[in-house]
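Values quoted throughout were computed directly from the atomic coordinates according to the rules given, and no laboratory measurement underlies them. These figures come from a predicted structure and were not determined experimentally. Every residue, glycine as well, gets a Cβ built from its backbone with ideal geometry; the counts of neighbours run over all protein chains shown.
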């Protein structure tokens, strides 16, 4: 049971580090680091 919890915690941490705003922008054909404010965050992706 402890190994299962440890694996879940590690997986959750890794999934949480994925910059989802960059993925959404990539699907739409934009690079938010080169457009708008240059910030890869969600607010810049929404504006671009």
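One table, with the values for the structure above:
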quantity	calculated
Single condition residue 13 does not satisfy, out of (1) assigned to a helix (DSSP H, G or I); (2) free of Cβ contacts under 8 Å to residues at least 24 places away in the same chain; (3) surrounded by 10 or more Cβ atoms within 10 Å (Cβ to Cβ)	(3)
Residues satisfying the stated conditions in segment 18-30, i.e. under 13 Å from the mean Cα position of the chain (by Cα) and surrounded by 12 or more Cβ atoms within 10 Å (Cβ to Cβ)	19, 21, 22, 24, 25, 26
